[in-house]
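Take a look at the structure below.
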């Protein structure tokens, strides 16, 4: 029996459809780098090499509509160079970024990522776009396709046939069930509109509940039982699904750690398969799908798992998730606020906020604002980035530093972080507060409480300006935005993410009042 481990290799929208201040995440979503080591793609390639496993990487291509620097190219070629199949995967939602008014389009039509119900011509265009990406990357033309969210309908298979893609793995009824009788496929290989469909193995894990076979959703014991049952039933193929991001654990505060539980499952599965070559042969999905169809190919049994094993897996996963969050909370305070000192300052600032001591630094009269002045200490990181985001949004804005040298450039780490967060600080030069002429209608926006107090002192006599804390526009409010200078890429990204969100929300506040 052939076993195909398939890896959906994709980037993340990362909440941008709900909040335009958030930015999609590219290669970090696939690499999962922790302390300089890739625990996503890197772990998978190492694991497969150790155990002699050939896998199939379904590489998402529509993300090219957003990521102009094409970061998926190198990742796809890395998998191909390691001897694995690279096949086509598409999430249609990325195509909305082709439009300048993408956020408004998403609000009007939230279901941007559907294949089910999509016109055949639209689906065919997505497939052609994916085939062009493979050609640009110097990879062989894709032979197998997997739809985002495992959605399917007749039009999809007709489009695949028209595009010349002979094989697919679109169906995983534990993930998506379109209710179409002809596509109630649990296993095997099945011809649909001239395309051979190889569904992700689906079984019952408890009662009537359907479960598709994934690394994240099944213990090693459950996977072994499913494979043993499939072999005993005479199935010729089992397809397993996973993603690179399943092998790292993301914390609420932005930290990341190795997902030891899921990595152990993959290691044990590959080791077990390698130890039983007489019954299980791992291979790429195109290699398995292209074999001549036989009477056994169309077998479609619904296998049954163990309720006890399912409950044991759920308990283990819950305990591990709890443990990981505690470990991340203990070990990533520096990621959340730069350093332990930053964490203490953030806690004190939140305490001041809840006690009402920051009321003088709330925006009282938005209609009076004519210009926004972003303020930090050096005007090379925080206020510089806020200024750049505000300009992109069309705001009338400047930025200054309370203790800086006019003309100083942003440091390299700030420039790199700004590029990762969608802006460019290459041309930015610092301005000292002393060089600024306050104007009626200025809103001075500070990063820290001490900055706001210093502004109060320096602006005595200017009754036609206002002072506010930028972090109060974060969600949740974060009145202390600690200086990221010299504190590393992880905190730079976290700090700039908060600043970006706050500037977007500030702009929204000012626009709502104006309207």
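The table that follows gives values for the structure above.
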item: Residue among 510, 443, 472, 455 that is in a helix (DSSP H, G or I), more than 25 Å from residue 415 (Cβ to Cβ) and touching a strand residue (DSSP E or B) at 6+ places or on another chain (Cβ under 6 Å); result: 455
item: Options 194, 164; residue that is closer than 22 Å to residue 130 by Cα, out of contact with any helix residue (DSSP H, G or I) (no Cβ under 7 Å at 6 or more places or on another chain), surrounded by fewer than 16 Cβ atoms within 10 Å (Cβ to Cβ) and at pLDDT 95 or above; result: 164
item: Per-region count, the stretch 429-450, residues under 12 Å from residue 404 (Cβ atoms) and surrounded by 20 or more Cβ atoms within 10 Å (Cβ to Cβ); result: 3
item: Residue 157 being touching a helix residue (DSSP H, G or I) at 6+ places or on another chain (Cβ under 8 Å), surrounded by 17 or more Cβ atoms within 10 Å (Cβ to Cβ) and in the same structural domain as residue 199 (by TED's automatic domain parsing); result: no
item: The stretch 198-216, residues that are touching a residue at least 12 places away in the same chain (Cβ under 8 Å) and in a loop (DSSP other than H, G, I, E, B); result: 198, 199, 200, 201, 207, 213, 215, 216
item: Residue 417 vs. criteria surrounded by 20 or more Cβ atoms within 10 Å (Cβ to Cβ) and within 28 Å of residue 13 (Cα to Cα); result: yes
item: Residues that are surrounded by fewer than 18 Cβ atoms within 10 Å (Cβ to Cβ) and within 23 Å of residue 394 (Cβ to Cβ), drawn from the stretch 462-503; result: 475
item: The one condition in (1) touching a residue at least 24 places away in the same chain (Cβ under 8 Å); (2) exposed (fewer than 14 other Cβ atoms within 10 Å of the Cβ); (3) out of contact with any helix residue (DSSP H, G or I) (no Cβ under 6 Å at 6 or more places or on another chain) that residue 279 fails to fulfil; result: (3)
item: Residue 260 being surrounded by fewer than 19 Cβ atoms within 10 Å (Cβ to Cβ) and either touching a helix residue (DSSP H, G or I) at 6+ places or on another chain (Cβ under 6 Å) or modelled with pLDDT of 95 or more (or both); result: no
item: Test: residue in the stretch 183-194 that is within 29 Å of residue 142 (Cβ to Cβ) and under 26 Å from the mean Cα position of the chain (by Cα); result: no
item: Which listed residue is assigned by TED's automatic domain parsing to the domain that holds residue 14 and surrounded by fewer than 20 Cβ atoms within 10 Å (Cβ to Cβ), from 55, 82, 133; result: 82
item: Residue check for residue 459: free of Cβ contacts under 8 Å to residues at least 24 places away in the same chain and either within 18 Å of residue 377 (Cβ to Cβ) or crowded, with 18+ Cβ neighbours inside 10 Å (or both); result: yes
item: Candidate set: the stretch 106-124, residues that are in a helix (DSSP H, G or I) and surrounded by fewer than 15 Cβ atoms within 10 Å (Cβ to Cβ); chosen: the one farthest from the chain's Cα centre (by Cα); result: 121
item: Elements of type helices (runs of 4 or more DSSP H) in the stretch 20-105, at least 2 residues being within 12 Å of residue 10 (Cα to Cα) and in contact (Cβ under 8 Å) with a residue 24 or more places away in the chain; result: 27-31, 72-81
item: Some residue of the stretch 317-335 being free of Cβ contacts under 8 Å to residues at least 60 places away in the same chain, part of a helix (DSSP H, G or I) and closer than 28 Å to residue 400 by Cβ; result: no
item: Candidates 484, 479 - the one that is assigned to a loop (DSSP other than H, G, I, E, B), assigned by TED's automatic domain parsing to the domain that holds residue 424, farther than 15 Å from residue 388 by Cα and in contact with a strand residue (DSSP E or B) (Cβ under 8 Å, 6 or more places away or on another chain); result: 479
item: Members of the stretch 167-188 found to be surrounded by fewer than 24 Cβ atoms within 10 Å (Cβ to Cβ), over 19 Å from residue 120 (Cα atoms) and in contact with a helix residue (DSSP H, G or I) (Cβ under 8 Å, 6 or more places away or on another chain), listed by number; result: 175, 176
item: Selection from the stretch 394-434 of residues that are over 25 Å from residue 369 (Cα atoms) and either in the same structural domain as residue 28 (by TED's automatic domain parsing) or outside any loop (DSSP other than H, G, I, E, B) (or both); result: 409, 412, 413, 414, 415, 416, 417, 418, 419, 420
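The values are calculated or read from the model by the stated rules, or taken from the named source; none is laboratory data. Since the structure is predicted, the reported quantities are computational estimates derived from the model, not experimental observations. No Cβ is skipped: glycine too gets one built from the backbone with ideal geometry, and neighbour counts run over all protein chains shown.
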